[in-house]
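K.L.:
Got a structure here, written out as structure tokens. Questions coming.
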Amino acid sequence: MPIIFRDDDPSFYATPAMLEALYRPIWERALPVCLSVIPEHYANIFVPWEPPPHLDPNVAPAYRGQEHGFPISQNPELCNYLDGLVQQGLVEILLHGYSHLFHEFNSYDVPVLRDKLQRGRAELEKAFPHADITTFIAPYNAVTARSIDVILGEGLHFHMDSKDIPPTSPYKPEPRNRVSTLLHTGGGRFLISDTSDYGMNQPDEIRFPRFEGWLAQRADADAILVACHHYYMFYENFGAPKAAEFDLWNNLIAQLGEAEITTFNRVFAQN
């Protein structure tokens, strides 16, 4: 079963140091990571499940509450760093919405959707001139049948859990693009879940003991395993690293063995 490492939410607020510390063990093995990048992350986003004042924790504290977005191209240090990794084949850049407003692609407004896709893709192509931007990831896994049509109509590949695709949409993932299981960070630990539940409500004892044993148990020859998380969750409010989370992450990487690590571009090219 091929594995994709997918990090949702890198944006203007990320730093090379945060990403380097997290992904160095993977890149040292010349393996790729897929970064689902937000082109112009709005700084004042209401997220209902966060504690008051319900602000998006993916926005660095110094910027939270500001009523405008920050294009990723305005962080040239980050862009140059990641574009260099793109050239080495260590990073694939994915289009992750536009401003990351809550449920921004859960919409039927075709002109707005198309504008966001076109401007978002143009921003990422400006920021990462060596990247091939071909895959779209919907913020909050929220779409409509109409927004899927617009995404595909813009020539983008589309990846989402089958459970999150509206039943009114004719879109069906190719079998090989199906997500069989997810590895997700939440509540200060790594959690394993089926696609029916992201694991956020699973008991603490559901951890990540042995990567090989888990793969053997969950093996599905027709599926891709997507290990999905958020880089900022490994840090205390964009500050000090969380030692326990880094220990679990590094243990995961150490147990990869000869597992095939792939990218969305490679998977879609095979279909």
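The values are calculated or read from the model by the stated rules, or taken from the named source; none is laboratory data. Quantities reported herein were computed from a predicted structural model and do not represent experimental measurements. Cβ coordinates were reconstructed from backbone atoms using ideal geometry, including for glycine residues, and neighbour counts include every protein chain displayed. The area values use the complete protein model at the heavy-atom level, side chains included, leaving out ligands, DNA and RNA. Shrake-Rupley method; radii C 1.70, N 1.55, O 1.52, S 1.80 Å.
K.L.:
Could you check the simple spin-label distance between residue 172 and residue 115, using points 7 Å along Cα→Cβ, in nm with one decimal?
P.N.:
3.6
K.L.:
On a 1.4 Å probe surface of the protein chains, which of 55, 225 comes out largest in accessible area, and what is the full order? Mind dumping the intermediate values first?
P.N.:
Values: 55 50, 225 5 Å².
Sorted descending by solvent-accessible area, the residues read 55, 225.
K.L.:
I would also like to ask the following. Quote the accessible area belonging to residue 126 in square angstrom, nearest 10, computed with a 1.4 Å probe and with ligands, DNA and RNA left uncounted.
P.N.:
The accessible area comes out at roughly 130 Å².
K.L.:
With 10 Å bins from zero, work out the P(r) of segment 68-162 over every alpha carbon pair and list the percent per bin.
P.N.:
16, 48, 29, 6
K.L.:
Order the following by accessible area, largest value first: 157, 230. Probe radius 1.4 Å; ligands, DNA and RNA are ignored.
P.N.:
Numbers: 157 70, 230 25 Å².
So the residues, ranked largest to smallest area, are 157, 230.
K.L.:
Between segment 61-115 and segment 36-54, what is the separation of their alpha carbon centroids in Å?
P.N.:
13
K.L.:
Take residue 102 and residue 21, extend 7 Å from each Cα along the Cα→Cβ direction, and tell me the distance between the two endpoints in nm.
P.N.:
Placing both labels 7 Å beyond Cα along the Cβ direction yields 3.0 nm.
K.L.:
Largest first, how would 6, 64 line up by accessible area (1.4 Å probe)?
P.N.:
Result of the area sort, largest leading: 64, 6.
K.L.:
Quick one: if the Förster radius is 25 Å, what FRET efficiency do residue 270 and residue 140 give, using the C-beta to C-beta distance and rounding to 0.05? List each step's numbers first, then the result.
P.N.:
Details: r = 28 Å, r/R0 = 1.13.
It comes out at approximately 0.35.
K.L.:
Please pull out the direction-averaged projected area of segment 1-155, using the convex hull of its alpha-carbon atoms, in nm² to one decimal place. List each step's numbers first, then the result.
P.N.:
Details: hull surface 39.8 nm².
Approximately 9.9 nm², given one-decimal rounding.
K.L.:
Hey, what do the phi angles of segment 156-161 turn into as Karplus ³J(HN,Hα) couplings, whole Hz, using 6.51/-1.76/1.60 and θ = phi - 60°, x for Gly and Pro?
P.N.:
Each residue's phi maps through the Karplus curve to give 9, 6, 10, 10, 7, 4 Hz.
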